[in-house]
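Enquirer: To start, I am sharing the structure in question, which I have written as structure tokens.
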Amino acid sequence: MNEFVNSIAEAMNNSLGAPLTVFLLSMIPIAEARFAIPFGMSMGLDPLVSFGYAFLGTSLITPILLLILIPIINALSKTRVFAKLGKFLYDKFEKKSHALDDKKSSDGASTEEQSHKSEHKPKLSKSDLKKMGGTALFVAVPIPLTGVWTGSAVASIVKIGFFKGLVSVVVGNAVACSIITLICFAFSDYVNYITLAFFIIAVVVVIVLIIKLIVFKPKTAENENAANADVTSADASNDENNADKDASTPMGDNADNEKRS
């Protein structure tokens with residue numbers, strides 16, 4: 001295993017150089033800094049240097065992702081060839097954003113309405129702080145599918161705002177990069193095994209996502225309308241049942257209730 005990692009590291013080092021390799025690897029989804037940092041150390045980079053290039057690469061791509069990732073996915077969803085892929089990706093990102101998105105506020109206003117109301121307010125609301133903290137914490141966990149790509153998509157879906165989302169993702173990314181660097185430094189003698197482990201995990205994640213994409217069935221407008229119709233019919237039947245119960249109540253019972261009151 002060591003020879004396999006060393007051979008790849010040597011080849012990349014001779015072709016691109018260790019710093020540029022780490023910088024570019026950190027921008028690739030799923031791999032990101034989680035793979036780039038230990039791989040950079042496998043190429044002989046100092047842990048702090050590997051951290052610096054990986055953090056720089058992931059941080060530079062974050063504002064781009066915040067601006068174009070969700071619009072591109074939505075555009076793919078409207079095409080014939082990539083419609084399923086676009087809907088699959090959006091569905092995955094949307095599920096991960098549910099924990100951060102407050103559907104209703106205490107006064108019953110939706111998140112979108114709150115964002116319009118707070119456009120002219122310079123201070124951060126509690127909802128904004130919760131979303132920023134949740135996004136940062138989500139990105140800070142150094143496991144696949146919680147990096148800057150997913151974090152940027154989540155921040156866009158919950159409409160946290162560009163600058164707030166940028167700060168949240170970068171802070172969380174700094175924590176994740178620090179954790180990976182500390183782990184690799186503490187187990188520097190086994191950094192090749194750590195690199196290989198992250199590579200295997202990334203490959204497994206890609207395979208699982210491909211399988212899920214194949215069996216994924218996007219929601220169609222007809223299915224959504226049918227679901228809404230079922231909910232409406234259920235509510236109507238409940239109203240009819242309640243009305244039947246009220247009509248079947250004996251008059252004597254009503255009179256006794258009035259006397260008691």
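Enquirer: When the residues of segment 148-168 are narrowed to those that are more than 23 Å from residue 50 (Cβ to Cβ) and small (Gly, Ala, Ser), which ends up modelled with the highest pLDDT? Steps first, please.
Expert: Applying the first criterion (more than 23 Å from residue 50 (Cβ to Cβ)) to segment 148-168 yields 153-168.
Filter once more, keeping what is small (Gly, Ala, Ser): 153, 155-156, 161, 165, 168.
Numbers: 153: 90, 155: 88, 156: 88, 161: 87, 165: 90, 168: 93.
Going through the qualifying residues, I end up with 168.
Enquirer: Report, by residue number, each residue of segment 26-68 that is farther than 19 Å from residue 143 by Cα and of a type in the set (Asp, Glu).
Expert: 46
Enquirer: Condition first: surrounded by fewer than 19 Cβ atoms within 10 Å (Cβ to Cβ), on the phi < 0 side of the Ramachandran plot and outside any helix (DSSP H, G or I). Now tell me which residues in segment 43-59 satisfy that.
Expert: Within segment 43-59, 46 is the sole residue that qualifies.
Enquirer: Determine, yes or no, whether residue 27 is over 17 Å from residue 149 (Cα atoms) and among the aliphatic types (A, V, I, L, M). Full working, then the answer.
Expert: On the way: over 17 Å from residue 149 (Cα atoms): no; among the aliphatic types (A, V, I, L, M): yes.
Judged against the criteria, residue 27 is not a match.
Enquirer: Looking at residue 198 and the list (1) in the same structural domain as residue 10 (by TED's automatic domain parsing); (2) modelled with pLDDT under 85, which single condition is not satisfied?
Expert: (2)
Enquirer: Please specify each residue of segment 119-147 satisfying the condition of being modelled with pLDDT of 85 or more, part of a loop (DSSP other than H, G, I, E, B) and of a type in the set (A, V, I, L, M).
Expert: Selection gives 141 alone.
Enquirer: Limited to segment 170-195, what total is found for residues that are in a helix (DSSP H, G or I) and more than 19 Å from the chain's Cα centre (by Cα)?
Expert: From segment 170-195, those in a helix (DSSP H, G or I) are 170-186, 188-195; that's our starting set.
From what's left, more than 19 Å from the chain's Cα centre (by Cα): 178-186, 188-195.
Residues meeting the conditions: 17.
Enquirer: Would you confirm, using the coordinates I've provided, whether residue 228 is of a type in the set (S, T, N, Q), at pLDDT below 90 and either in a helix (DSSP H, G or I) or in contact with a His (Cβ under 7 Å, 6 or more places away or on another chain) (or both)?
Expert: When the stated conditions are applied, residue 228 passes them.
Enquirer: In segment 1-42, what residues are surrounded by 14 or more Cβ atoms within 10 Å (Cβ to Cβ) and among the acidic types (Asp, Glu)?
Expert: Residue satisfying the conditions is 32 alone.
Enquirer: Step by step: first the residues of segment 169-194, then only those that are of a type in the set (S, T, N, Q) and surrounded by fewer than 22 Cβ atoms within 10 Å (Cβ to Cβ), then the one that is modelled with the highest pLDDT. Which residue is that? Break it down stepwise before answering.
Expert: Going through segment 169-194, the residues of a type in the set (S, T, N, Q) turn out to be 173, 178, 181, 188, 192.
Cutting the leftovers down to surrounded by fewer than 22 Cβ atoms within 10 Å (Cβ to Cβ) gives us 178, 188, 192.
Values: 178: 95, 188: 87, 192: 85.
Once the filter is applied, the top-ranked residue is 178.
The values are calculated or read from the model by the stated rules, or taken from the named source; none is laboratory data. Keep in mind that what you see is a predicted model, and the values were worked out from it rather than measured. With ideal geometry, Cβ positions are generated from the backbone for all residues, glycine too; neighbour counts draw on all protein chains shown.
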